[in-house]
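S.K.: Here it is, the structure, as structure tokens.
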Amino acid sequence: SSDVCSSDLVLSWALLSSACAFVQGPISFYALRFILGVAEAGLFPGMVLYFTYWFPQSYQARLTGGFMAASPFAFIVGGPLSTSILGFDGVAGLHGWQWLFLIEGAPAFVLAFAVLRMLPDRPENAAWLTEEEKSLVAVRLAAEPKPQAREFWPAFGDARVWALGIAYMAVGAGGYGMRLWLPQIVQGMGFSTFATGFVVAVPYALAMAAMIWWGRSSDAKGERIRHVVLPMLLGAAGFLAASLSQSNAAMLLAIAAVVVGLDAVIGPFWSLPSSFLRGSAAAAGIALINTLGVGLGGMLGPLLIGALKDMTGGYAASMALLALWLMVSSLIVLGYARMQARGFTARSETPASTH
């Protein structure tokens, strides 16, 4: 069941995160981080699919945006908190970085058991809903247009899935690139380690608010494509401005635009695959898109920034390249929209509904 699977993933995530406190060298660290990535990979696609079991399409952007707002919130709290925990060096004979890994696993460990109690598979299994409420949810879901793509394997050959996955690679590359490198960029401006945690928190505070507001805007207007393309272009403009900036203040402002844009896009973006995928096809398609965007893009972005920094001595070249990547990806999203508007069908399916 989905609640048991989610609980297992979160519990594995917690234990593996904490286990990183006891690595003995690069090999054990890489091995644990790889296994942690495997455990983590299924949670977000599973939650996107889970939302479709409970809420109609007109709620998907705000739900995904609200759910993923936890990510920038983690930076708001985690940045200053992490710098404080690093000060535990020597407590109980452990280094500060070991305490950081141990403590970060604790909330996920507790939540793994809460998931079993609080997240039933379907509305009809929810003990905290009345029969009338269960019936109302069922009626709302039954009235939804039914996506035609339902089979697991054909979803991997759907051009729309690949278009969205390739487009999302730029979002993953830029987003994860900033998450990894922003503290070093800020420290390079002369901020102390302690101050860096607070400076990094500012753009993520803005991003958290933007994710919630932009997702609600997309649902309220019943519009998806502009709500995906515009924040991608904001991120591209931010990267381009950062690559050309001559002052620390201008660069921080540009990076804030990047963070806001690449986080705000998440809610509206993930409402797209659920508009034409259902059942096992949704599980396959959402997982593939997430693998391309977060897995591949999230790996390439930080590597790209690091490699070009080593080659050029700065961040301008990588940020210019990420800006170009986002602009190309926004065109791919527009191409996806044209496929939908023309009634694209995957193999023998009948035309799917569009937004």
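The values are calculated or read from the model by the stated rules, or taken from the named source; none is laboratory data. Everything numeric here is computed off the predicted structure, so don't read it as measured data. Note that each Cβ is placed from the backbone with ideal geometry, even for glycine, and that neighbours are counted across all protein chains shown. Heavy atoms of the whole protein, side chains included, go into the accessibility calculation; ligands, DNA and RNA do not. Shrake-Rupley method; radii C 1.70, N 1.55, O 1.52, S 1.80 Å.
S.K.: Which ones in the range 206-217 are buried (at least 16 other Cβ atoms within 10 Å of the Cβ) and among the hydrophobic types (A, V, I, L, M, F, W, C)? If you could, list the steps in order and put the result at the bottom.
M.R.: Narrowing the range 206-217 to residues buried (at least 16 other Cβ atoms within 10 Å of the Cβ): 206-208, 210-212, 214-217.
If the condition is that a residue be buried (at least 16 other Cβ atoms within 10 Å of the Cβ) and among the hydrophobic types (A, V, I, L, M, F, W, C), then Leu206, Ala207, Met208, Ala210, Met211, Ile212, Trp214 are the ones that fit.
S.K.: Restricted to the range 127-152, and to residues that are at pLDDT 85 or above, of a type outside the set (Gly, Ala, Ser) and open to solvent by less than 60 Å² (accessible area, probe 1.4 Å), which residue is nearest to Thr52 (Cα to Cα)?
M.R.: Per the criteria, the residue is Leu141.
S.K.: In the range 128-136, is there at least one residue being among the hydroxyl-bearing types (Ser, Thr, Tyr) and in a helix (DSSP H, G or I)?
M.R.: Yes, there is a match, as at least one residue in the range 128-136 is among the hydroxyl-bearing types (Ser, Thr, Tyr) and in a helix (DSSP H, G or I).
S.K.: Kindly list the number of the only condition in (1) surrounded by fewer than 20 Cβ atoms within 10 Å (Cβ to Cβ); (2) within 19 Å of Gly298 (Cα to Cα) that fails for Leu15.
M.R.: (2)
S.K.: Pick from the range 170-189 the residues that are open to solvent by 30 Å² or more (accessible area, probe 1.4 Å) and touching a residue at least 12 places away in the same chain (Cβ under 8 Å): which of them is nearest to Val328 (Cα to Cα)?
M.R.: Once the filter is applied, the top-ranked residue is Tyr176.
S.K.: Let me ask something additional. Checking Ser348 against (1) open to solvent by 20 Å² or more (accessible area, probe 1.4 Å); (2) at pLDDT below 90; (3) farther than 23 Å from Gly65 by Cβ; (4) in a helix (DSSP H, G or I): exactly one of these is not met. Which one?
M.R.: Going through the list (1) open to solvent by 20 Å² or more (accessible area, probe 1.4 Å); (2) at pLDDT below 90; (3) farther than 23 Å from Gly65 by Cβ; (4) in a helix (DSSP H, G or I), Ser348 breaks only (4).
S.K.: Further, regarding this structure: Where residues in the range 107-126 are touching a residue at least 40 places away in the same chain (Cβ under 8 Å) and open to solvent by less than 50 Å² (accessible area, probe 1.4 Å), which of them is nearest to the chain's Cα centre (by Cα)?
M.R.: Ala108
S.K.: Applying the selection to the range 237-279, what residues are crowded, with 24+ Cβ neighbours inside 10 Å and of a type in the set (Ser, Thr, Tyr)?
M.R.: Ser271
S.K.: Phe194 - would you say it is more than 30 Å from Met339 (Cα to Cα), in a helix (DSSP H, G or I), open to solvent by 50 Å² or more (accessible area, probe 1.4 Å) and among the aromatic types (Phe, Trp, Tyr)?
M.R.: yes
S.K.: Just checking, which of Ser329, Ser280 is modelled with pLDDT under 95, touching a helix residue (DSSP H, G or I) at 6+ places or on another chain (Cβ under 9 Å) and not β-branched (Val, Ile, Thr)?
M.R.: Ser280
S.K.: I've got another one for you. Return only the number of the condition from (1) without any contact (Cβ under 8 Å) to a residue 40 or more places away in the chain; (2) open to solvent by less than 50 Å² (accessible area, probe 1.4 Å); (3) under 19 Å from Gln340 (Cα atoms) that Arg226 does not satisfy.
M.R.: All conditions pass for Arg226, except number (2).
S.K.: A further question on this structure: Out of (1) among the aliphatic types (A, V, I, L, M); (2) open to solvent by 50 Å² or more (accessible area, probe 1.4 Å); (3) touching a helix residue (DSSP H, G or I) at 6+ places or on another chain (Cβ under 6 Å); (4) under 21 Å from Gln340 (Cα atoms), the odd one out for Ala220 is which?
M.R.: That leaves (3) as the condition not met.
S.K.: Can you tell which of Phe55, Phe73, Phe34, Phe29 is aromatic (Phe, Trp, Tyr) and surrounded by 17 or more Cβ atoms within 10 Å (Cβ to Cβ)?
M.R.: Phe55
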